[in-house]
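The values are calculated or read from the model by the stated rules, or taken from the named source; none is laboratory data. What you see is a predicted model; the values in this text were computed from it and never measured. Cβ placement follows ideal geometry from the backbone for every residue including glycine, while neighbour counts extend to all protein chains displayed. Side chains included, ligands, DNA and RNA excluded: accessible areas come from the protein's heavy atoms. Shrake-Rupley method; radii C 1.70, N 1.55, O 1.52, S 1.80 Å.
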Amino acid sequence: MKIPFLPPIDPFSFIFAFIVASLFWWLVGRARPLWNELRENLKTQSEEAQARRTTSVEENHRRLTLRRAQGMHLAAPLFALDEILQEPRLLAPPAHVEPGGPIATEDIVTQTLPYLPAWPELGAAYNAPTLSFKQALSGGVNLAIIGQPGIGKTVALAHLATLAANRDDRLGHLNDLIPFLIHVADIKLPINETRDILHPINESVSEHASVLDLGRVPGFVQNSFRSGRALLLLDGFDELTPDGQQAVSDYLKLLLQEYPKTRVVTTGAPEYLDGLLGLGFAPLTLAAWNKSQTNHFVQKWGELWTQFVAVEAWAQSGPEQVDPILLNIWLGAENQGLNPFELTLKIWGAYAGDSLGPHTLDAIASHIRRLAPTNTPPAALETLAMQVTLATQPVFDPRKAREWVKSFELSDEAELEAQADIEANEAAEEQTLDEKEPKKKEKNKKAKSGPAPTPGLIGKLASGGLIVAHSNNKMRFLHPIFGGFLAGRALSGVKADEALLNQPDWTGKLLAMRYLAAHGDVSNLIKSILEFSRLPMHRPLLSAARWLRDAPRDAPWRGKIMAALAELIRTEGLPLGLRGQALAAFVYSNDPAVTALFRQFMTTLSFELIRLSALGSGALRDIKSAQTLENVLSAPSISARRAACLALVALGTNDTLETVAHALLNADEDLRRAAAEALANDPNEGHAMLKDGATLADILLRRAVVYGLARVDAPWATETLQKMQVEDDQWVVRNSASEVLEARQSSEDPRVPRPLKVPSETPWLIEFAGTQGTGISPGSPATDVLVAALKSPKDEERLAALAYLKKSPSDGVIKQIYGAMYGDDTEVREAAYIALWEIGASGYKLPHPTQYGYS
């Protein structure tokens, strides 16, 4: 084989080529940062160009979202949301405890009243601590706003959308977020491909966008989510069945995986939050209204009605208008237990003069009559609602709905006659308008305008507003309470107990059973419910307890529910979070026998029962309990004495306030502080006493007043504290004032929900693992270490461990949490119960404690 001839290498050419190549790569290396910078500049310019293209779309979207949000409330036909709004707040959860972390400031309410996320009405009676949305969102956690139907969850989302649309400073550093306000009925699920993840949001935004913006909507939406500026406000999650909730949770999981910076706020029910807690959502209860907020709402309604509604022709042609002052006095008297939904309908009926009666049920029926088309048979509405409930379809197909009510459809001739009557009435009303006031005439036209009704009863119900049409050919009732009320009336005439009991728990089922109890005999249901109800949650019993308020006083099943609640509240050793729910159920029932029961309980030797009963007597404003409460002030239990102070101030009479004032002046240090903090709940005499107390010579009195002023959210209270911080001649008073003011100004509020650090990066857990002779690997859940921490003799380590263990429930973990709940440490017991509540609400089926040897 011949070797090919290779020409000789020229040394000069080789060296020259080597030098040129080396110089070339040296220049390339030196120029690489310039190329990277150029590439980043081009990327930035591209993003800025995209932002400029979407700026006009964003502003239009904000404006349209604001307009929609202002109409997302029950009284939207009369007022804009901001005109009538009572700013929603969230019940502050127990403070997060972590070794070495910030320590929460406790007051008389947090020390005395158990945390009751399912019953915020009791917290409202004693001004329990709350969080603003700015505070709640500041921790970086997505939120599930929970509460019973009618408490105002949709209004809270609409308020958030309004703040974000206006770039309001009340959102703090989040005021530049772009709100996307969507109902779950508008999301077509399932979505399995990440490339389609924003498609439902694109469709929702496009539905309301102008024609000129339609082509730019997808780019605007994608840019908003990609840049981390999207605030997704998802309404209606609480209305779905568990299967529906799981489908939405799966969608949110994909969305947050693709766009992890997205902020999400949705709605939920305290009993079931399937899928949300596993995604890191924090459940926060919407605070109920206290007496002051209720009175302000009644007064504001009266002012707006007189100014805008009473001058309308349809209002002047109705019943004679009653003096608003007299109406407000009557309306402000009997509102115990009414949520904002019920209170709104009660006031509306009173001012419009069309209420069917004084009961809450009459107010609901009156509004359904306002919304339903003329000559609509009530049986048609009830049948529709009943079928929606029995079919477990809160979001239903209108074609099925037409099948359900086809027997109630009018013939063509009758329908034409009915439509002619409606048009004649509208024409006659239009002629009565004063021609000299065209603005009123135009406003009246707008109020009556809307989409043209589609043929048939379902179309008319949608036009009237009782049911709402969504994209993808879906419909739902305007509010689940309307559907539940109508379904309950229909079910009172049929036997469907077994069908209801076999359904999983969801809002429609629970509301239907509640209003069924108000219209029919539910003795068989109650029997089954009491058989199903068990520790640790007793959900069936506590759910049925909400039926007591509206049910007939002579219902044969009432005694069984009352007896079961009494047994629950009297059982020693159970968490106060569970017994407190029985207490709240008694208060909510408005049963006249409850006050005597609480007075009897306060004469027992159980200080926990005395504490709960005192809180109940105060919430019911039982004047007859005043002497008994005064006697409790001498009890050896400070918790019972605190409860008595709160209750005496809640009674609000001169005698009870003087009793608390006497304790403030003469009692021991602990009771003085309790008295001062309780007086903060009375905005008149109580605040006056605190003002005077700040100037008296008694050192212990002034120090107690400091803690009372800490609970007063008013400028004068802050000024008084600042003055005491600087000018008081006793260092102990100055230090207390400084402590209170520092807590107010602290940016690290332990009650604000925040993401947990992974175990391998948590200093206290790493240190604890070291004491156990082990370590924590990155990515490990460290369950064994956390279970060991739950058995630690240090309370703060046990409480911190619970926050992690509830995120990964298993049979072994549940057993250990039960052990903590049945332990002797009260604080750990309550925290363990709350952990079990969250685990159960997430969809995990909690075993009975007897499975682990606990009774």
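Out of the range 613-644, which residues are part of a loop (DSSP other than H, G, I, E, B), small (G, A, S) and more than 13 Å from L671 (Cα to Cα)? Answer for the range 613-644, where residues must be part of a loop (DSSP other than H, G, I, E, B), small (G, A, S) and more than 13 Å from L671 (Cα to Cα): there is none.
Checked against (1) over 14 Å from N127 (Cβ atoms); (2) among the hydrophobic types (A, V, I, L, M, F, W, C); (3) modelled with pLDDT of 95 or more, A697 meets all criteria but (3).
Residues A136, A128: which one is part of a helix (DSSP H, G or I) and at pLDDT 95 or above?
The unique qualifying residue is A136.
So that you can scan it fast, the table gives a plain yes or no per residue for (1) among the hydroxyl-bearing types (S, T, Y); (2) more than 20 Å from Y115 (Cβ to Cβ); (3) open to solvent by 20 Å² or more (accessible area, probe 1.4 Å):
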site	(1), (2), (3)
P592	no, yes, yes
A596	no, yes, yes
S606	yes, yes, yes
A614	no, no, no
R641	no, yes, yes
L648	no, yes, no
A667	no, yes, yes
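Taking the range 838-855 as the region of interest, how many residues are in contact (Cβ under 8 Å) with a residue 24 or more places away in the chain and among the small types (G, A, S)? So the count comes out to 4.
Across the range 104-115, not a single residue is classified as open to solvent by 10 Å² or more (accessible area, probe 1.4 Å), part of a loop (DSSP other than H, G, I, E, B), more than 30 Å from A801 (Cβ to Cβ) and out of contact with any His (no Cβ under 9 Å at 6 or more places or on another chain). Kindly indicate whether any position in the range 749-770 is within 25 Å of G686 (Cα to Cα) and either polar (S, T, N, Q) or in contact with a helix residue (DSSP H, G or I) (Cβ under 7 Å, 6 or more places away or on another chain) (or both). Taking every residue of the range 749-770 in turn, none turns out to be within 25 Å of G686 (Cα to Cα) and either polar (S, T, N, Q) or in contact with a helix residue (DSSP H, G or I) (Cβ under 7 Å, 6 or more places away or on another chain) (or both). For the range 378-397, the tally of residues that are surrounded by fewer than 18 Cβ atoms within 10 Å (Cβ to Cβ) and assigned to a helix (DSSP H, G or I) stands at 2. Looking at A717, A704, which is the one that is under 13 Å from R744 (Cβ atoms) and at pLDDT 95 or above? Exactly one residue qualifies, and that residue is A717. The number of residues in the range 672-690 that are over 34 Å from the mean Cα position of the chain (by Cα) and under 25 Å from A124 (Cβ atoms) comes to 1. Does the range 800-832 hold any residues that are surrounded by fewer than 22 Cβ atoms within 10 Å (Cβ to Cβ) and of a type in the set (S, T, Y), and which are they? Listed by number, the residues that qualify are S808, S810, Y822, T826.
Among the residues of the range 503-535, the one identified as closer than 19 Å to A490 by Cα, touching a Lys or Arg at 6+ places or on another chain (Cβ under 9 Å) and of a type in the set (K, R) is R514. Checking the stated criteria, F237 turns out not to satisfy the condition of being without any contact (Cβ under 8 Å) to a residue 40 or more places away in the chain, touching a Ser or Thr at 6+ places or on another chain (Cβ under 8 Å) and open to solvent by less than 20 Å² (accessible area, probe 1.4 Å). Applying the criterion of being loosely packed, with under 14 Cβ neighbours inside 10 Å and assigned to a helix (DSSP H, G or I) to the residues of the range 307-322, the residue that is modelled with the lowest pLDDT is Q316. When G100 is tested against (1) surrounded by 13 or more Cβ atoms within 10 Å (Cβ to Cβ); (2) modelled with pLDDT of 70 or more, just one condition goes unmet, and that condition is (1).
Restricting to the range 645-701, count the residues that are touching a residue at least 24 places away in the same chain (Cβ under 8 Å), in contact with a Leu (Cβ under 9 Å, 6 or more places away or on another chain) and outside any helix (DSSP H, G or I). Qualifying residue count, the range 645-701: 6.
When the residues of the range 264-291 are filtered to those that are touching a helix residue (DSSP H, G or I) at 6+ places or on another chain (Cβ under 7 Å) and open to solvent by 30 Å² or more (accessible area, probe 1.4 Å), the one that is farthest from S808 (Cα to Cα) is N290.
Selection of helices (runs of 4 or more DSSP H) fully inside the range 710-799 by the criterion of at least 2 residues being surrounded by fewer than 16 Cβ atoms within 10 Å (Cβ to Cβ) returns 715-727, 731-745, 763-771. Taking the range 323-377 and the helices (runs of 4 or more DSSP H) fully enclosed by it, the elements with 2 or more residues that are open to solvent by less than 50 Å² (accessible area, probe 1.4 Å), aromatic (F, W, Y) and touching a residue at least 24 places away in the same chain (Cβ under 8 Å) are at 340-352. Note on the range 76-93: residues that are crowded, with 18+ Cβ neighbours inside 10 Å and touching a helix residue (DSSP H, G or I) at 6+ places or on another chain (Cβ under 7 Å) total 8.
Inspection of the range 64-82 finds a residue satisfying the criterion of being among the polar types (S, T, N, Q) and either in a helix (DSSP H, G or I) or at pLDDT 95 or above (or both). For D505, are the conditions met, namely being in a loop (DSSP other than H, G, I, E, B), touching a helix residue (DSSP H, G or I) at 6+ places or on another chain (Cβ under 8 Å), of a type outside the set (V, I, T) and open to solvent by 40 Å² or more (accessible area, probe 1.4 Å)? The answer is yes for D505.
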